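S.K.: Have a look at this one before I ask anything.
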Amino acid sequence: MPLPIMADSRLEAVINAPFETIDLAAWVFGLSDREYQACSKDHIAAAAGVTPDGKRMSINVERIGRLIVQHYLEDISRPDHCRLISMSDAFGPDVTDRGEVGVMWEFFIEPIDATTTKFINHVEVRAVAGQEEALRRQGVTLEAARERMQGVLVPHNAEETALFAKDIERKALAGRWFRAA
């Protein structure tokens with residue numbers, strides 16, 4: 001039986017740049033610490049790396065209700081579509097309170113016309129094994145935890161979706177990426 005979805009947010013923004021000028025895989029794995037921080041008041045740090053088996057990683061630290069360290073591994077990484085999967089460490093409210101949460105971050109683009117592109121940013125948070133029991137010990141129902149998580153995810157995603165789109169737009173218009181037609 002799959003673990004329950006705790007929060008889900010899918011939002012869109014317009015990129016004022018042609019579809020062909022955008023490379024999402026190059027963008028996410030080339031995102032600097034400062035660029036990541038500029039895309040949300042909750043973003044603390046970012047870095048990229050490669051696993052021993054050659055998969056690219058995006059490590060992100062942010063505060064979305066709790067301090068979260070995401071260890072995203074590439075699942076799909078194309079110029080027009082990326083999906084990253086993370087078993088993320090979550091801390092709080094006290095720094096010694098540590099748990100895990102499963103996060104899927106997926107984003108893709110679709111052409112609108114010759115000069116504009118739709119950016120879709122989707123984040124899904126899933127419970128991990130043992131989470132329901134841990135919540136029960138804290139006196140928190142799964143439904144209450146879902147409501148809280150959804151309540152912090154949606155406004156965070158709204159902020160970062162718009163700012164991610166602007167960052168991608170700026171880089172596309174500057175000719176950062178070359179994609180063969």
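S.K.: Out of VAL101, VAL140, VAL128, report the one residue that is within 24 Å of GLU74 (Cβ to Cβ), of a type outside the set (Ser, Thr, Tyr), at pLDDT below 90 and more than 17 Å from the chain's Cα centre (by Cα). Walk me through how you get there before you give the answer.
M.R.: Details: VAL101 fails: more than 17 Å from the chain's Cα centre (by Cα); VAL140 fails: within 24 Å of GLU74 (Cβ to Cβ).
Result: VAL128 is the single residue among VAL101, VAL140, VAL128 that is within 24 Å of GLU74 (Cβ to Cβ), of a type outside the set (Ser, Thr, Tyr), at pLDDT below 90 and more than 17 Å from the chain's Cα centre (by Cα).
S.K.: Name the pairs: first residue in the range 63-76 and under 21 Å from PHE29 (Cα atoms), second residue in a loop (DSSP other than H, G, I, E, B), Cβ to Cβ under 7 Å, at least 6 apart or on different chains?
M.R.: From residues that are under 21 Å from PHE29 (Cα atoms), the pairs are ARG63/ASP42; LEU73/THR51; LEU73/LYS55; GLU74/LYS55.
S.K.: If you don't mind, another one. Listed residues GLY54, GLY49; which is of a type in the set (Gly, Ala, Ser), over 29 Å from THR141 (Cβ atoms), out of contact with any Asp or Glu (no Cβ under 8 Å at 6 or more places or on another chain) and not in a strand (DSSP E or B)? Walk me through how you get there before you give the answer.
M.R.: Working: GLY49 fails: not in a strand (DSSP E or B).
The match here is GLY54.
S.K.: May I pose another question? For the range 37-46, does any single residue satisfy the condition of being hydrophobic (A, V, I, L, M, F, W, C), surrounded by fewer than 18 Cβ atoms within 10 Å (Cβ to Cβ), in contact with a Ser or Thr (Cβ under 6 Å, 6 or more places away or on another chain) and over 14 Å from GLU160 (Cβ atoms)?
M.R.: Residues of the range 37-46 that are hydrophobic (A, V, I, L, M, F, W, C), as a first pass: 38-39, 44-46.
Checking which are surrounded by fewer than 18 Cβ atoms within 10 Å (Cβ to Cβ) leaves us with 38, 44-45.
Still in the list and also in contact with a Ser or Thr (Cβ under 6 Å, 6 or more places away or on another chain): none.
Looking through the range 37-46, none of the residues is hydrophobic (A, V, I, L, M, F, W, C), surrounded by fewer than 18 Cβ atoms within 10 Å (Cβ to Cβ), in contact with a Ser or Thr (Cβ under 6 Å, 6 or more places away or on another chain) and over 14 Å from GLU160 (Cβ atoms).
S.K.: Working only within the range 8-34, note down all residues that are under 19 Å from ALA162 (Cβ atoms) and under 14 Å from the mean Cα position of the chain (by Cα).
M.R.: Correct list: ASP8, SER9, ARG10, LEU11, GLU12, LEU24, TRP27, VAL28, LEU31.
S.K.: Which numbered condition trips up ILE68, out of (1) at pLDDT below 95; (2) farther than 20 Å from LEU11 by Cβ?
M.R.: Unmet condition: (2).
S.K.: When you scan the range 150-158, do you find a residue that is free of Cβ contacts under 8 Å to residues at least 60 places away in the same chain and closer than 23 Å to SER58 by Cα, even just one?
M.R.: Yes: the range 150-158 contains one or more residues that are free of Cβ contacts under 8 Å to residues at least 60 places away in the same chain and closer than 23 Å to SER58 by Cα.
S.K.: Of all residues in the range 1-36, how many are in a strand (DSSP E or B) and crowded, with 17+ Cβ neighbours inside 10 Å?
M.R.: Here is the first cut: in the range 1-36, the ones in a strand (DSSP E or B) are 5-15.
Of the ones still in play, those that are also crowded, with 17+ Cβ neighbours inside 10 Å are 6-9, 11, 13, 15.
Number satisfying all stated conditions: 7.
S.K.: Filter the range 109-126 down to residues that are of a type outside the set (Val, Ile, Thr) and touching an Asp or Glu at 6+ places or on another chain (Cβ under 6 Å) and give me whichever is nearest to ASP23 (Cα to Cα). Write out each step before concluding.
M.R.: Step one: of the range 109-126, the residues of a type outside the set (Val, Ile, Thr) are 110-111, 113-114, 118-119, 121-122, 124, 126.
Retained after the next criterion (residues that are touching an Asp or Glu at 6+ places or on another chain (Cβ under 6 Å)): 118, 122, 124.
Working: LYS118: 13, HIS122: 17, GLU124: 22 Å.
Among residues in the range 109-126 that are of a type outside the set (Val, Ile, Thr) and touching an Asp or Glu at 6+ places or on another chain (Cβ under 6 Å), the one nearest to ASP23 (Cα to Cα) is LYS118.
S.K.: Here's a follow-up. For MET87, only one of the following conditions fails: (1) modelled with pLDDT under 95; (2) in contact with a helix residue (DSSP H, G or I) (Cβ under 9 Å, 6 or more places away or on another chain). What is its number?
M.R.: In the conditions (1) modelled with pLDDT under 95; (2) in contact with a helix residue (DSSP H, G or I) (Cβ under 9 Å, 6 or more places away or on another chain), MET87 misses (2) alone.
The values are calculated or read from the model by the stated rules, or taken from the named source; none is laboratory data. What you are looking at is a predicted structure, and each value in this text was computed from that prediction instead of being measured. Cβ atoms come from the backbone with ideal geometry, glycine included; neighbour counts cover every protein chain shown.
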